[in-house]
Amino acid sequence: MAEMKLWGGRFEAGPSEVFERFSGSLHFDKKLLDADCRGSQAFARALERAGILTPDECGQLELAFENIRTEARDPKFLEGATDEDVHTFVIRKLKERVAGLADKIHTGRSRNEQVSLDVRLWLREQIDVDLALLVDLMSALVEMARKYPHAIVPGYTHLRRAQAVPWVHYLLAYFEMFARDHERLSQARARVDVMPLGSGALAGSGFPFDREQIARDLGFATITRNSMDVSADRDFALDFLYAASVTMLHLSRLAEDWILYSSEEFGWLELGDGVTSGSSLMPQKKNPDSLELIRGKSGRVFGDFSALFVTMKGLPMTYNRDMQEDKEPLFDAAAQLTSALEMSATVIESTGLHQGKPAQAAAESWVVATDLAEALARAGTPFHRAHQIVGKLVLESIQQGKLPLDWTAEQLTAFAPEFTSDMARLLQPAEGMKTRELPGGAGPVTVAKALDDAEARLRHWKR
């Protein structure tokens, strides 16, 4: 298939076959084809406003680009193409449709700004997809919280039972993590949503383009401020990769929790058949493969961020060919994030909570110890002394094989005069939680309000 270059006049010979293979990017940047055509359509309109194209020429180019977009929906459209990159491929296809008129489309435009525009157009849409999937994920958490409004579970520190909390409070902890992810992705989108055309290769265009109009034409919020910065900038890609990495970190932590909580040792959660798999040898197995893959793919996204971060660290102003290496990690991270968000919501929607198991775990352990110590402190016992009294109560219980609810009010007051009989109610995990009604705490009233607030935020994001 015949090839063409967007450069070459000053060269006596063409590139070697080895260099062609080494530097070619069509196999991955073909993902930008639709964005490239849309950007070129807007640029054709800018060329018409600048007097470079006639209205008829602009119309021909716009129609040709639209036809290329349509035909590109067929996977076979790029079969056998050996072009240097997607931009060269599109221009070749354009020439097949409008012949020499295609040579005008690059008037006053560099591939440097064209690449920046294409990636921004593509990434802006990708972020919108991920923001919607994050809302779906948070909605699934809220729906699960509504399903088990009175469930109590042990909260953990150091993977040791610490204090009892409502299951809703636990789910809302992840809601807050994902809400921050939503905020980070929205902030990254704002930095993506800047129009670079008119910057040239690095010094700006010599043609009278209305950059603000091009931005409006393509739906960008604003225009870039410095042409050299456009050529050098991949911060917007790093912003997305960082936001994607933190989101994957949170998904991985949720996955780890639920892998544990669905194990026989915990028995809290029952993962749906649709998100688990079996063993080729052991008939009894129900493996949490979906969660393990989410956990595993997080490392892949972290690597994508690290790859581009390191690539950019030593580059001089402005564009360097190293920056071609931005796309594969960007495309990969976006694909992994999107699939992990979708998978996580599906897992949550199909998972059930065996409420009795975590409630029993809370009742059998000393998650009420802090509640007792704080009750003593509220009654006037210095907290250090209260801590020691309850610590000794726990030790004696362990030595005697007694659970918290095995203690009667009389036995409690006999153990230490600082205890009062009404403090015996705090031996029930649900009672101690009622003392934690500060904003953000695990008190039932506070948690119910937090759940209502989470739903209100979801309604806002959906609008």
Somewhere in segment 197-207, is a residue of a type in the set (A, V, I, L, M, F, W, C), surrounded by fewer than 19 Cβ atoms within 10 Å (Cβ to Cβ) and more than 30 Å from Ala42 (Cβ to Cβ)?
no
Reported set for segment 431-453 where residues are buried (at least 17 other Cβ atoms within 10 Å of the Cβ) and touching a residue at least 40 places away in the same chain (Cβ under 8 Å) is Gly432, Met433, Ala442, Pro444, Val447, Ala450, Leu451
ask   = Just to be sure, is Arg120 assigned to a helix (DSSP H, G or I), touching a helix residue (DSSP H, G or I) at 6+ places or on another chain (Cβ under 6 Å) and open to solvent by 10 Å² or more (accessible area, probe 1.4 Å)?
value = no
Exactly one of Glu57, Glu20 is closer than 14 Å to Leu101 by Cα, of a type outside the set (A, V, I, L, M, F, W, C) and out of contact with any Phe, Trp or Tyr (no Cβ under 6 Å at 6 or more places or on another chain), and that residue is Glu57
- request: Test Arg109 against the criterion of being within 22 Å of Leu218 (Cβ to Cβ), open to solvent by 10 Å² or more (accessible area, probe 1.4 Å) and either assigned to a loop (DSSP other than H, G, I, E, B) or touching a Ser or Thr at 6+ places or on another chain (Cβ under 6 Å) (or both), and give yes or no.
  value: yes
Practice task
Report whether or not Leu101 is free of Cβ contacts under 8 Å to residues at least 60 places away in the same chain, assigned to a helix (DSSP H, G or I) and open to solvent by 10 Å² or more (accessible area, probe 1.4 Å).
Solution key: yes
Checking Asp217, Asp233, Asp239, Asp193 in turn, the sole residue that is open to solvent by less than 60 Å² (accessible area, probe 1.4 Å), under 27 Å from Ile294 (Cβ atoms) and modelled with pLDDT of 95 or more turns out to be Asp239
Of those in segment 35-93 that are β-branched (Val, Ile, Thr) and in contact (Cβ under 8 Å) with a residue 24 or more places away in the chain, the residue most open to solvent (accessible area, probe 1.4 Å) is Thr82
Counting only helices (runs of 4 or more DSSP H) entirely within segment 300-404, those with at least 2 residues that are among the basic types (Lys, Arg) are 383-400
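The values are calculated or read from the model by the stated rules, or taken from the named source; none is laboratory data. Since the structure is predicted, the reported quantities are computational estimates derived from the model, not experimental observations. Every residue, glycine as well, gets a Cβ built from its backbone with ideal geometry; the counts of neighbours run over all protein chains shown. In case anyone asks, the SASA skips ligands and DNA or RNA and just uses the protein heavy atoms, side chains included. Shrake-Rupley method; radii C 1.70, N 1.55, O 1.52, S 1.80 Å.
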